[in-house]
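**Student:** Structure in structure tokens, see below.
The values are calculated or read from the model by the stated rules, or taken from the named source; none is laboratory data. Quick caveat: nothing in here was measured; it's all calculated off a predicted structure. When we count neighbours, we look across all protein chains shown, and the Cβ atoms used for this are built from the backbone with ideal geometry, even at glycine.
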Amino acid sequence: QKEVEQDPGPLSVPEGAIVSLNCTYSNSAFQYFMWYRQYSRKGPELLMYTYSSGNKEDGRFTAQVDKSSKYISLFIRDSQPSDSATYLCAMSDYNTDKLIFGTGTRLQVFP
Amino acid sequence: NAGVMQNPRHLVRRRGQEARLRCSPMKGHSHVYWYRQLPEEGLKFMVYLQKENIIDESGMPKERFSAEFPKEGPSILRIQQVVRGDSAAYFCASSPPFFSGSDPYNEQFFGPGTRLTVL
């Protein structure tokens, strides 16, 4: 079993839709939870990070962490064609800087 | 402030040759990480270095792979005697020094990657 599981998609939605992306994990030591966006042939860029449980909102993006269920989510409101990319979840524990990534979910937002 | 720089962006090698990938961290950053991304897979941690020190190499293959981050100059990921299975995108990330009392999360900033193709 992988430490971090993420549905690879692809996920195709119309412009303006609410998008829900999710990851599950098995390591209860994870404390930091990140969402990265990666455009084709580019490096990942950090969208949001959350420490421990709870919600965090930044513009159209909301990140949620449920440590009891080992489940994290990223919601994108009013999705735009420019949001079309691969979204990677990543996690780390308090004692190490190495990031453990999900496989990424490919999102396509069509006009 | 330039971002993380990697070169070359594309590298083609024949089986048995050596590949050298370079990474210049962001200005002021003293931590460097290397990740490998195979087709249709997420990024896999390889190694974490600070200046002149390897901090964590738990993700490095035991043979043919090595990494360094000298006092001066870029970090180098070196792959000896490449095989077809080494074909992948290799990403470098950097982060600033960690200061006690600051936000405990130390963001890693990624470079554009080097795409290695082994023929």
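**Student:** Say we look at region B:70-101 and pick out the residues that are within 13 Å of another protein chain (Cβ to nearest Cβ) and assigned to a loop (DSSP other than H, G, I, E, B); which of these is modelled with the highest pLDDT?
**Tutor:** Kept after step one, since they are within 13 Å of another protein chain (Cβ to nearest Cβ), are these residues of region B:70-101: B:89-98.
Checking which are assigned to a loop (DSSP other than H, G, I, E, B) leaves us with B:96-98.
Numbers: B:Pro96: 86, B:Pro97: 81, B:Phe98: 71.
Filtering region B:70-101 for residues that are within 13 Å of another protein chain (Cβ to nearest Cβ) and assigned to a loop (DSSP other than H, G, I, E, B), the one modelled with the highest pLDDT comes out as B:Pro96.
**Student:** For A:Thr50, only one of the following conditions fails: (1) buried (at least 16 other Cβ atoms within 10 Å of the Cβ); (2) hydroxyl-bearing (Ser, Thr, Tyr); (3) over 24 Å from B:Tyr48 (Cα atoms); (4) at pLDDT below 95. What is its number?
**Tutor:** Among (1) buried (at least 16 other Cβ atoms within 10 Å of the Cβ); (2) hydroxyl-bearing (Ser, Thr, Tyr); (3) over 24 Å from B:Tyr48 (Cα atoms); (4) at pLDDT below 95, A:Thr50 violates only (3).
**Student:** Conditions first: (1) away from chain B (no Cβ under 14 Å); (2) buried (at least 16 other Cβ atoms within 10 Å of the Cβ); (3) on the phi > 0 side of the Ramachandran plot. A:Gly16 passes all but one, so which condition is the exception?
**Tutor:** (2)
**Student:** Of the conditions (1) surrounded by fewer than 17 Cβ atoms within 10 Å (Cβ to Cβ); (2) more than 14 Å from chain A (Cβ to nearest Cβ); (3) of a type outside the set (Asp, Glu); (4) touching a residue at least 12 places away in the same chain (Cβ under 8 Å), B:Gln50 satisfies every one except a single condition; which number is it?
**Tutor:** (2)
**Student:** Is it the case that B:Ser87 is within 23 Å of A:Tyr87 (Cα to Cα) and in contact with a strand residue (DSSP E or B) (Cβ under 8 Å, 6 or more places away or on another chain)? Even if it seems obvious, please write down each step before you answer.
**Tutor:** Working: within 23 Å of A:Tyr87 (Cα to Cα): yes; in contact with a strand residue (DSSP E or B) (Cβ under 8 Å, 6 or more places away or on another chain): yes.
For B:Ser87, the condition - within 23 Å of A:Tyr87 (Cα to Cα) and in contact with a strand residue (DSSP E or B) (Cβ under 8 Å, 6 or more places away or on another chain) - is met.
**Student:** Still on this structure, please answer the following. Filter region B:102-119 down to the residues that are part of a loop (DSSP other than H, G, I, E, B) and at the interface with chain A (Cβ under 8 Å from one of its Cβ atoms), then identify the one that is modelled with the lowest pLDDT. Break it down into steps so the answer makes sense when it comes.
**Tutor:** From region B:102-119, those part of a loop (DSSP other than H, G, I, E, B) are B:102-108, B:111-113, B:119; that's our starting set.
Going one step further and asking which of them are at the interface with chain A (Cβ under 8 Å from one of its Cβ atoms), we end up with B:104-108, B:111-113.
On the way: B:Pro104: 64, B:Tyr105: 71, B:Asn106: 78, B:Glu107: 86, B:Gln108: 91, B:Gly111: 96, B:Pro112: 95, B:Gly113: 97.
So, considering only residues that are part of a loop (DSSP other than H, G, I, E, B) and at the interface with chain A (Cβ under 8 Å from one of its Cβ atoms), the one modelled with the lowest pLDDT is B:Pro104.
**Student:** Another question, then. Can you pull out every residue in region A:69-111 that is within 14 Å of chain B (Cβ to nearest Cβ) and in a loop (DSSP other than H, G, I, E, B)? Break it down into steps so the answer makes sense when it comes.
**Tutor:** In the first step, residues of region A:69-111 are kept if they are within 14 Å of chain B (Cβ to nearest Cβ); the result is A:85-106.
Result: A:Tyr94, A:Asn95, A:Thr96, A:Asp97, A:Lys98, A:Leu99, A:Gly102, A:Thr103, A:Gly104.
**Student:** Six or more apart or on different chains, Cβ under 9 Å: which pairs go from a residue in region B:69-86 that's free of Cβ contacts under 8 Å to residues at least 24 places away in the same chain to one that's among the basic types (Lys, Arg)? Could you list them?
**Tutor:** B:Pro70/B:Lys51; B:Lys71/B:Lys51; B:Gly73/B:Arg22
**Student:** How many residues are part of a strand (DSSP E or B) and within 15 Å of A:Leu88 (Cβ to Cβ) if we restrict to region B:26-56? Steps first, please.
**Tutor:** In the first step, residues of region B:26-56 are kept if they are part of a strand (DSSP E or B); the result is B:31-37, B:43-50, B:53-56.
When the remaining residues are screened for being within 15 Å of A:Leu88 (Cβ to Cβ), the result is B:33, B:35-37, B:43-45.
Residues in region B:26-56 being part of a strand (DSSP E or B) and within 15 Å of A:Leu88 (Cβ to Cβ): 7 in total.
**Student:** Inspect all residues belonging to region B:6-29 and state whether any of them is touching a Cys at 6+ places or on another chain (Cβ under 8 Å) and of a type in the set (S, T, N, Q).
**Tutor:** Yes, because at least one residue in region B:6-29 is touching a Cys at 6+ places or on another chain (Cβ under 8 Å) and of a type in the set (S, T, N, Q).
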